[in-house]
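What follows is one structure encoded as structure tokens, with my remarks underneath.
The values are calculated or read from the model by the stated rules, or taken from the named source; none is laboratory data. This structure is a prediction, so every number in the text was calculated from the model and none was measured. In this analysis, Cβ positions are derived from the backbone assuming ideal geometry, glycine residues included, and neighbour counts consider all displayed protein chains. These area figures cover heavy atoms from the full protein model, side chains too; ligands, DNA and RNA do not enter into them. Shrake-Rupley method; radii C 1.70, N 1.55, O 1.52, S 1.80 Å.
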Amino acid sequence: MSNVEKNTSQNEKSKSLEDIFEAKIARDEKIEPKDWMPEKYRKTHIRQISQHAHSEIVGMLPEGNWISRAPSLRRKVALLAKVQDEAGHGLYLYSACETLGISREEMYEQLHSGKAKYSSIFNYPTLTWADMGAIGWLVDGAAIINQVPLCSTSFGPYARAMVRVCKEESFHQRQGYEIMMTLCNGTQEQKDMAQDALNRWWWPSLMMLGPTDDESIHTEQSMKWKLKRKTNDELRQQFIDQTVPQADILGLKIPDEDLKYNNDTGHYDFGKIDWDEFWQVVKGHGPCNKERLKARNEAWDNGAWVRDAAVAYAEKHTDDESIRKAI
Amino acid sequence: MTNENLIHYIHSIADNSLILGQRLSELCGHGPTLETDIAMTNIALDLFGQTRSYFQYAAELSNEDLTEDDIAFLRKERDYKNVLLVEQPNTDFAYIIVRQYFFDVYHYLLLKQLENSKNVNLQNIAKKSLKEVAYHRRFSGDWLKRLGDGTEESHERVQKAINDLWVYTDELFHMNEDDKIVANAGFGVDNSSLKDEYYQIISDLIKQATLEVPEIQYFQKGGKKGIHTEHMGYILSEMQYMQLAYPNMKW
Ligand SMILES: [Fe+2]
Ligand SMILES: [Fe+2]
Ligand SMILES: [Fe+2]
């Protein structure tokens with residue numbers, strides 16, 4: 001067989017594999033790690049799932065900032081458990097991503113070097129206790145809107161991870177809202193603290209649902225693979241429609257003069273999002289980008305000798321099953 | 001034995017859990033691996049859970065209208081009776097593990113005795129906590145072995161941590177006046193009775209980890225009398241920040 005003939009038959013073979021693959025997705029069947037998949041599918045999933053994992057891990061930092069200052073023991077325990085849940089989310093997602101043939105170390109390397117992205121919302125500072133309420137309510141709330149559709153995405157390990165994650169995220173959201181409620185039922189100082197947190201987190205939360213549709217590069221392909229079921233703008237509208245009445249119940253004012261219920265569309269119209277700010281933060285120039293990356297890098301670098309010790313010990317003590325498993 | 005004696009005794013046990021939990025929670029998100037991060041957060045969560053059980057009971061015993069948070073957040077430094085060991089800083093992972101192991105073994109032995117307290121509330125808290133602390137002790141002990149018998153660097157670091165923190169172990173067995181009264185009444189534990197077994201256990205594990213047991217004979221003390229290290233003021237100023245900046249509010 002000549003090279004040309006060989007290539008042609010190779011192409012036909014992968015064409016038919018691709019047909020089987022696409023048909024499977026169309027039938028709503030899951031793609032599993034061992035199944036054949038186009039290289040682009042693999043790469044796109046590695047990118048999205050690892051970014052999602054990084055977001056969970058970096059997301060621990062802004063809230064971790066308040067654990068030692070939580071105002072009551074009950075709140076301290078709840079916040080600590082929440083941040084721990086986010087570590088768990090990171091763990092499931094890194095594991096899901098590893099099934100696509102990338103190691104956790106490689107993914108960390110991409111995060112630490114600044115090559116990989118994570119959700120920009122975590123580049124904003126947490127300045128008061130009310131931020132713990134606002135983040136749970138708005139940020140976990142926006143995350144749920146983003147992630148519920150992923151529970152039925154085409155890649156099996158991602159879909160299954162999302163089912164577990166979404167359950168916990170909705171618990172986080174209720175917990176955050178309850179913090180806000182307590183503040184809003186408290187003293188004037190506490191109400192002001194809650195309003196100030198809403199003012200600072202509202203617009204970044206809207207941005208969290210992604211750039212507006214005409215600027216989003218991945219949407220069409222992602223729709224086909226069920227990595228996305230609604231566009232960013234649709235998700236954002238859903239988030240706003242859901243959140244405005246919740247703010248009303250709290251007696252807080254959404255910081256948007258143009259926000260108004262539209263009787264014709266049945267949705268809230270809202271003001272212009274500052275996309276310049278969004279891109280500035282995405283490109284690494286938000287208020288805390290440097291601090292967040294520094295914290296991740298330091299944790300990893302300071303932990304190197306610990307990880308090395310664990311490996312060295314396991315090699316010396318291959319008999320010690322419990323030790324090996326625990327690493 | 002007065003109510004006051006018993007309340008002070010409960011504070012001194014719970015303060016150890018509270019301050020160590022506070023130290024561990026500073027680490028959340030900064031651990032050497034995600035798995036250790038999650039495990040150490042679990043330990044912190046257990047310790048805070050125990051703290052709450054003790055303080056809720058102490059609040060019940062009190063004549064004043066107190067909550068667990070009043071006890072946790074609104075005392076002056078001199079009224080915290082935790083041992084100096086638990087307030088030591090998170091210098092590096094070796095110090096964190098050694099501090100934990102030194103405390104866990106003591107904590108385990110203490111709770112095993114406290115299970116036999118004549119006081120049902122303390123009995124119950126001890127029973128529940130003992131299961132948790134058995135896990136803490138396994139976690140810190142396993143890591144001590146890994147670090148001791150891991151690499152040259154880990155061996156050196158953990159030996160240094162052992163040498164530095166050793167001086168805080170003796171205080172674990174000190175008894176202040178309240179401790180003695182409550183122990184005599186059969187409600188509390190005579191800590192001095194735990195000492196021989198404690199040093200036996202930790203010495204064995206240190207040797208098993210290919211490390212050396214320090215021959216230091218001078219020890220530090222004070223926490224049990226409310227005289228702390230310089231670290232304590234900073235721990236409290238962070239922990240009490242909200243309660244002091246915004247007094248008399250519900251959170
Ligand atoms: Fe999460
Ligand atoms: Fe998430
Ligand atoms: Fe969450």
Under 5 Å from the placed amide H of A:Phe155, counting only residues 5+ away or on other chains, we find A:Ile31
Whole-Hz Karplus couplings 3J(HN,Hα) for the stretch B:124-139, θ = phi - 60° and coefficients 6.51, -1.76, 1.60, Gly and Pro as x, run 5, 4, 4, 4, 5, 5, 4, 4, 5, 5, 4, 5, 4, 5, 5, 4
Relative contact order of chain B (C-alpha contacts under 8 Å, at least 6 apart) in percent is 25
Exposed GluC sites (Glu not before Pro) being those in a DSSP loop with at most 15 other Cβ atoms within 10 Å, the longest stretch of chain A free of them is A:30-256
The percentage of Cα-Cα pairs in the stretch B:151-207 separated by more than 18 Å is 49
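Any idea of the accessible area per residue across the protein assembly as shown, 1.4 Å probe, to the nearest Å²? Write down the numbers at each step before the final one.
Numbers: 25540 Å² over 578 residues.
Ligands and nucleic acids excluded, the figure is 44 Å² per residue.
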Debye calc, one equal point scatterer per Cα of the protein assembly as shown, no solvent, log10 I(q)/I(0) at q = 0.06, 0.08, 0.09 1/Å comes to -0.37, -0.64, -0.78
Rounded to the nearest 500, the 222 nm mean residue ellipticity computed for chain B from DSSP H runs (n ≥ 4, each -39500 (n - 2.57)) alone is -21000 deg cm²/dmol
Using a 1.4 Å probe on heavy atoms of the protein chains only, the accessible area for B:Asp170 in Å², nearest 10, reads 30
Residues from the stretch A:74-97 losing no less than 50 square angstrom of accessible surface in the full protein assembly compared with the chain alone, 1.4 angstrom probe, ligands and nucleic acids excluded, are A:Lys76, A:Val77, A:Leu80, A:Gln84
Summing -39500 (n - 2.57) over every DSSP H run of at least 4 residues in chain A and dividing by its residue count gives a helix-only mean residue ellipticity at 222 nm, to the nearest 500 deg cm²/dmol, of -20500 deg cm²/dmol
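With all protein chains present and a 1.4 Å probe, how do A:Asp140, B:Asp178 order by accessible area, largest first?
Values: A:Asp140 10, B:Asp178 30 Å².
These residues rank, largest area first, as B:Asp178, A:Asp140.
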Rounded to the nearest 100 Å², the accessible area hidden between B and A, summed over both chains at a 1.4 Å probe radius, is 4300
Rounded to the nearest 10 Å², the accessible area of B:Val86 using a 1.4 Å probe with every protein chain kept is 0
Once both label points are put 7 Å beyond Cα along the C-beta direction, the B:Tyr234-A:Lys224 separation in nm becomes 5.7
Karplus ³J(HN,Hα) for the stretch A:99-109 (6.51 cos²θ - 1.76 cosθ + 1.60, θ = phi - 60°; Hz, whole; x = Gly/Pro) runs 5, 8, x, 10, 8, 4, 4, 4, 5, 4, 4
Per GNM of chain B with C-alpha springs under 10 angstrom, the most fluctuating residue out of B:Asp104, B:Asp190, B:Asp92 is B:Asp92
Simple SL model, points at 7 angstrom along Cα→Cβ for B:Asp79 and B:Tyr135; separation in nm is 3.3
Helix B:152-165: inclination vs chain B longest Cα principal axis, degrees, rounded to 10, gives 40
SASA check, A:Trp279, accessible area w/ 1.4 Å probe, all protein chains in place, rounded to nearest 10 Å², comes out at 80
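Ignoring any ligand, DNA or RNA, what whole percent of the accessible area of the stretch B:3-245 comes from carbon and sulfur when the probe is 1.4 angstrom? Walk me through the numbers before you get to the answer.
Details: 4540 of 9710 Å².
On the stretch B:3-245, the fraction of accessible area on carbon and sulfur atoms equals 47 percent.
Report the FRET efficiency, 1/(1 + (r/R0)^6), for A:Gln280 and B:Leu61, where r is their Cβ-Cβ distance and R0 is 56 Å, rounded to 0.05. Write down the numbers at each step before the final one.
Numbers: r = 56 Å, r/R0 = 1.01.
Between A:Gln280 and B:Leu61 the formula returns 0.50.
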Note to self: C-alpha centroids of the stretch A:95-122 and the stretch A:28-56 sit apart, in Å, by 12
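For A:Asp196 and A:Tyr261, calculate 0.36 nm times their separation in residues minus their Cα-Cα distance, and state this gained length in nm to one decimal.
Numbers: separation 65, 0.36 × 65 = 23.40 nm, distance 2.31 nm.
The span from A:Asp196 to A:Tyr261 would gain 21.1 nm if fully extended.
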Relative to chain B, whose Cα atoms define the longest principal axis, helix B:34-61 and its Cα axis are tilted in degrees, nearest 10, by 30
Between the Cα axis of helix B:93-114 and the main Cα principal axis of chain B, the angle (0 to 90°, nearest 10) is 50
Taking a label point 7 Å from the Cα of A:Ala304 along Cα-to-Cβ, the residues of the stretch A:114-134 whose backbone nitrogen sits under 17 Å from it are A:114
Those residues in the stretch B:141-162 that give up at least 50 Å² of accessible surface, probe 1.4 Å, once the partner protein chains are present instead of the chain by itself are B:Arg146, B:Asp149
Scoring chain A by relative contact order with C-alpha pairs under 8 Å, at least six apart, yields a percentage of 17
